[in-house]
Amino acid sequence: MSTQSDNKFTGNPREPEPVPLAQADELGIKQVLDCDGNANGNLADPNLSEDEVRKFYEMMVLVRAIDDRGWKLQRSGRIAFWIPLLGQEAVQVGVTCALDDKDWIFRAHRELAVWLLRGKSLKMLFAQFYGAEEEPLRGRRLPCLIGSRDINLISSTTQVGASLPHAVGAAWAAKLLGGSEKFLIFFGDGSASRGEFHSAMNFAGIHQPPVMMVCVNNGWAVTTPLDRQTASANFAAKGDNYGVRNVRVDGNDPLALYAVTKDAHDNIEEYGPTLIEAVTFRLGYHTSSDNPDLYRHEQECELWKPWDPVRRLRLYMENKGWWDQTREDALIALHEKEIQEAVTAAEAMKIPGPASQFDDVFAETNWMIEEQKERILSEVKADD
Ligand SMILES: Cc1ncc(C[n+]2csc(CCOP(=O)(O)OP(=O)(O)O)c2C)c(N)n1
C-alpha cells in the first residue's frame, strides 16, 4: 500500500545551492534589505513613507493569507485548482506599486496582489476561484488565472511564455499610437527557455517599445531546476545580446523591487525596455497538481526561509517603530474576517452551465460554434 512517506524524495538529491541573496554583491543582485530587515544593502533605501511601506506589508500578508485559504479550499474539494504564491509575495507587490494605474500588466500565474492593488474586490477574486458567472472572465479560466479589462490586467495564457510577444507587441502599438502608458509582463524562469522569449527580446531590442519584462526566477519550473533551464550566468544577462537593458534584483526584497522597477518605469524614454530578473524561490508546490517531495529536497526550502520577504519587511518596520505584535494580530484577524466574507459570498454565486463556453467566442455566433454547442450539450445530457 502506498503511503505519503513513499512519495518522499529518495533519489540522489542535488546539493542545495547557497541562497544567492546572501551573496548579492558578488552576484550583481540589487538589494536594499539584508536578511534581518536592515537597510544596508548595495541599493539605497527608497525611503518610502510609513503609510507606503505599511501598504506593501499589509498586501503581502493578505496575499499570503489568500494563498493559505485557496490551498485549503482546493484540498477540501471546494475549488478545482490552486497555484500557490508562498515566498513570492514581494515581487508582485514591489513591482506593481512602482507602476501607474493606467499601465498595462500581463500576468504570469502567481500575481494575485495586482488585482487588489488595482482596486478590485476580494469578493470578486474569490468569485474567480469558484468559477462564478459574475467575475470578469465569467468563470471560464482556471482558478488564479485572473484578468480584468477595466484595470488593464491581461490574464496569463496557460501556454508558458506565450504572452511575451503579446506584451512587447502591445507596447509597440501604444508607442506608434502616441500613448503614454507603459507595459509590464511577469514571466517565469521556465518561460525564458521558450522561443517566444527570444522573439520578444529581439523585438524589444530593435523597436524599443515601452515595456518592462520581469523574469520571476523562483528556482524551479515545475520539476526543472535552474541548471537544467539555462547555461547562462543568469537570466538578466540574456538581455545583453539583444541590446536590452537588464538588472538583477533581490526578488524577496519589496523595497529593492520597487526602486528598480520605478527607475525602469520613470526613465523608459531614456533606457528603453528593461529586463528585470527577480531572484526569489517557490517555497510551495508548483500547483495543487504537483508534489515537490518527488523531485526537490526539503533542505532547499529551509535555506530560503530566513529570506522570507514578509519576515524581512516586518523587521524593517519594527526597527522603525512602525509595527508591533498588536498591529500584526489585528491585521490577521481583519484578513480572516474579510476572506471568510468573500468565501461565503462566492459560494452563493451562480456557476455558469456548459453552454456558456460558446458565448463571446466571436462577436457574432456562427454555424461552427452552434454545431459544437449542440454536440457538447447533447453529450452532457447523455452523461446525466
Ligand atoms: C508551452 C508549455 N509547455 C509546458 C507547460 C506545462 N507547464 C505549466 S507551468 C510550467 C512551468 C513554468 O515555469 P516558470 O515559467 O518558471 O514559472 P513558475 O511556474 O515557476 O512560476 C510548465 C512547464 C505549459 N503550460 N506550456
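Rounded to the nearest 500, the helix-only mean residue ellipticity at 222 nm of the chain stands at -12500 deg cm²/dmol, with each DSSP H run of n ≥ 4 adding -39,500 (n - 2.57).
Peptides 89-95, 167-173, 133-139, 328-334, ordered by how many other C-beta atoms sit within 10 Å of their residues on average, highest first, read 89-95, 167-173, 133-139, 328-334. The ratio of the alpha-carbon radius of gyration of the chain to the globular-protein estimate 2.2 N^0.38 Å is 1.02.
Report, in listed order, any pair from Lys175/Lys350; Lys262/Lys350; Lys55/Lys123 with a Cα-Cα distance greater than 29 Å. The partial results should precede the final answer.
Numbers: Lys175/Lys350 41 Å; Lys262/Lys350 41 Å; Lys55/Lys123 20 Å.
In this structure, Lys175/Lys350; Lys262/Lys350 exceed 29 Å between Cα atoms.
The lysines whose alpha-carbon is closer than 20 Å to the alpha-carbon of Lys373, local same-chain residues fewer than 8 away aside, are Lys381.
Quick note: the coordinates plus some simple rules give every number you see, no bench work behind them. Here the structure is a predicted model, which is why all the values come from computation and not from measurement. Ideal geometry is used to build each Cβ from the backbone, glycine not excepted, and the neighbour counts take in all protein chains shown.
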